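Engineer: Dropping a structure here in structure tokens format, bear with me for questions.
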Amino acid sequence: DVVLGVSAGPRVELKVLPDGALPGSVDEFIPIKQQGSADRDLLEDSRARIERALRSDGYWKATAPFTTSLEAGGALLVITFAIERGPRYFVERVELPSTLSLPGDELEKLIGVSRGSVFDEDSFLAGLARVAEAYRRAGYYAMSAEPAYEEVAPGTSGARAVVVLYPMIAEGPAGRLAAVTIDAGVTPQVSEVDIRRVMTSRPGQPYVELDTARDLSAIRSLYLDRGFPSSTVALQTGLAEDGRAVSLTVRINEGPRVFIGDISVLGNERVSTRAVLDELGLRPGQPAGAALIDDA
């Protein structure tokens with residue numbers, strides 16, 4: 001005898017209040033039917049999805065909280081989303097600080113928010129991130145850009161409001177590379193010319209922290225490819241008192257250089273050892289470079 005015991009749990013009923021408050025279909029924003037689930041994570045994701053969609057459409061203060069309740073003696077689970085859009089916000093203007101080094105029209109283009117447009121906070125924050133990147137590419141390594149808002153009271157209907165956007169930009173000093181020094185020991189095996197060739201940072205250029213990080217990675221790769229698996233590379237930065245002149249020092253500990261001593265081929269039955277070795281292209285005596293071995 002086989003006995004199957006089925007516990008269906010409560011039937012789920014979904015309510016969205018008020019009618020028409022969702023910015024799309026119920027299945028798109030609250031996918032209970034598609035996923036066959038009504039767990040807490042799905043409901044929280046649905047709440048965030050609804051609020052994000054409404055806020056991108058200008059409803060800056062929109063909320064979409066939900067409640068759950070068991071009814072009919074535990075046979076019915078009622079999930080209720082109570083959506084509150086609030087007023088729809090439009091951009092009154094973008095107020096930049098009065099004295100900035102980068103041109104105002106360039107910054108406005110990077111921010112990408114125009115007067116009279118529907119206010120989307122995420123778009124504004126993305127624009128500030130682009131501004132920060134432009135400043136850092138110009139050498140303003142200590143700059144910061146924070147958002148500030150001045151909310152104007154809604155109109156008499158309460159359905160429309162405007163907001164003034166304030167990109168709070170603190171530029172800090174503009175750093176420029178005064179010197180780039182390579183210290184690889186007394187008798188380096190890799191020439192300074194080869195090291196500088198893989199670097200982006202040059203004296204006279206703006207000091208860009210991202211470039212120095214890429215330089216560090218490029219020098220490490222250079223040494224690995226030359227057969228120095230235990231080499232270490234460090235970058236040290238020195239600043240003048242005013243923070244404008246920046247000196248960069250690259251300190252390298254090469255460690256021993258490793259060469260290929262012997263090549264063994266194991267496990268080949270149908271392909272000859274000679275064919276495998278010819279395809280590898282490796283020869284004893286070559287430096288054991290990482291790129292060379294990976295390619296082989």
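The values are calculated or read from the model by the stated rules, or taken from the named source; none is laboratory data. What you are looking at is a predicted structure, and each value in this text was computed from that prediction instead of being measured. Cβ placement follows ideal geometry from the backbone for every residue including glycine, while neighbour counts extend to all protein chains displayed. Accessible surface areas use protein heavy atoms only, side chains included; no ligands, DNA or RNA. Shrake-Rupley method; radii C 1.70, N 1.55, O 1.52, S 1.80 Å.
Engineer: Output ³J(HN,Hα) for the stretch 177-185: one whole-Hz value per residue in order, computed from phi by the Karplus curve 6.51 cos²θ - 1.76 cosθ + 1.60 with θ = phi - 60°, and x for Gly and Pro.
Structural biologist: 6, 8, 7, 10, 10, 10, 10, 10, x
Engineer: I'd like the distance separating the alpha-carbon centroids of the stretch 17-70 and the stretch 120-159, in whole Å.
Structural biologist: 27
Engineer: Once you have all Cα-Cα distances for the chain, histogram them in 5 Å bins from zero and send the whole-percent values.
Structural biologist: 1, 4, 8, 9, 8, 7, 7, 7, 7, 8, 8, 8, 7, 6, 3, 1, 0, 0
Engineer: Quick query: amide H of Met168 versus all other amide H atoms, modeled in the peptide plane; which residues come in under 5 Å with a sequence gap of 5 or more or a different chain?
Structural biologist: Excluding prolines and chain starts, which carry no amide H, the hits are Glu146, Ala148.
Engineer: Among the aspartates and glutamates, select those whose C-alpha is under 15 Å from the C-alpha of Lys61, and discard any that sit fewer than 8 residues away in the same chain.
Structural biologist: Qualifying aspartates and glutamates at Cα under 15 Å: Glu51, Glu84, Asp120, Glu121, Asp122, Glu150, Glu151.
Engineer: So how do 174-185, 278-289, 2-13, 38-49 stack up, highest first, on mean other-Cβ count within 10 Å?
Structural biologist: 174-185, 38-49, 278-289, 2-13
Engineer: State the antiparallel share, in %, of DSSP beta bridges confined to the chain, rounding to the nearest 5.
Structural biologist: 55
Engineer: Using only the alpha carbons of the stretch 187-296, determine the length spanned along each of the three principal axes and report them from longest to shortest in whole angstroms.
Structural biologist: So the three principal-axis extents are 69, 26, 20 Å.
Engineer: Tally Lys/Arg at +1 and Asp/Glu at -1 over every other residue whose Cβ is under 11 Å from the Cβ of Asp225; what's the total?
Structural biologist: Here the count lands on -1.
Engineer: Can you work out the accessible area per residue across the chain, with the rest of the protein chains kept in place, probe 1.4 Å, in square angstrom?
Structural biologist: Spelled out: the 1.4 Å probe surface of the chain, per residue, equals 58 Å².
Engineer: What is the spread of the Cα atoms of the stretch 113-183 along each of their three principal axes, largest first, in whole Å?
Structural biologist: Taking the Cα atoms of the stretch 113-183, the three principal extents are 69, 17, 17 Å.
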